[in-house]
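Notes to accompany the following structure.
The values are calculated or read from the model by the stated rules, or taken from the named source; none is laboratory data. On a predicted model such as this, the values are computed, not experimentally measured, just so you know. For the accessible areas, the whole protein counts, side chains as well, though only heavy atoms, and no ligand, DNA or RNA atoms are used. Shrake-Rupley method; radii C 1.70, N 1.55, O 1.52, S 1.80 Å.
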Amino acid sequence: MIVAEDSALLRQGIVRLLTDAGFDVAAALGDARALPALVDLHRPDAVLLDIRMPPTHTDEGLRAAAAIRERHPGTGILLLSQYVETTDTVRELARDPRGFGYLLKERVADIDDLGSALKRVAAGESVLDPQVVARLLAAPRAPGPLDELTGREREVLGLMAEGRSNDAIARHLVIGAKTVETHVRNIFAKLALEADLHDHRRVRAVLTYLRA
């Protein structure tokens with residue numbers, strides 16, 4: 001695990017939380033420019049990094065993440081942000097959400113949320129902060145395949161985009177696991193996602209969601 005966060009206090013706090021939770025933190029730094037080289041050296045399962053880092057505090061984290069994904073596509077990337085910033089972040093996610101996540105910094109204090117998100121991206125899953133999903137749902141968009149979904153199916157797809165399993169979706173919505181399975185099948189059918197041995201339908205459904 002590598003942590004990149006320009007705030008020294010927050011960086012130290014994250015490292016302490018992760019270490020206490022059993023994660024092996026190979027390096028921690030405050031400048032994203034050195035990050036790709038450290039990933040080359042340590043080959044971590046996942047990288048946790050802020051979107052806005054020195055020197056301009058705009059999109060250095062995103063550019064570092066793109067460089068890491070190009071050089072080490074199997075490395076999980078978990079982005080952190082102080083605010084909901086969907087434009088550039090979602091553009092990066094929509095390229096391929098596998099092993100890519102985006103959380104608000106307020107989630108860092110909850111080691112269960114943070115640890116779960118890191119494990120998911122390291123395993124190749126996608127994780128989106130619920131507030132980001134809510135912003136995406138509320139954003140104006142052109143007509144598309146999502147219009148075919150019912151309100152409940154959109155809820156289920158949104159929770160899938162957060163990286164939740166069917167069991168977790170069932171608990172969150174207080175419905176049966178079989179009902180969730182039915183909703184997921186309907187989502188795949190309405191989005192015309194045929195079973196494919198070379199492509200995961202769950203990932204493709206989230207891709208459709210993000211690109212919409």
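Miscellaneous remarks
- Volume per residue of the convex hull around the Cα atoms, evaluated for the range 10-79, comes out as 75 Å³.
- K119 - accessible surface, heavy atoms, 1.4 Å probe, Å² rounded to 10: 130 Å²
- Stretching the chain fully between T56 and H42 yields a gain of 2.4 nm (0.36 nm per residue, less the alpha carbon separation).
- Sequence-distant residues sharing a close amide H with A46 (under 5 Å, placed H): I2, G76
- The chain: relative contact order in percent, alpha carbon pairs under 8 Å with at least 6 residues between: 15 percent
- The heavy atoms of E155 offer some 90 square angstrom of accessible surface to a 1.4 angstrom probe.
- Chain lengthening between I111 and D147 when straightened (0.36 nm per residue, less Cα-Cα): 9.3 nm
- Summarising the amide proton neighbourhood of A27: residues at separation of 5 or more, or on other chains, whose placed amide H is nearer than 5 Å comprise V3.
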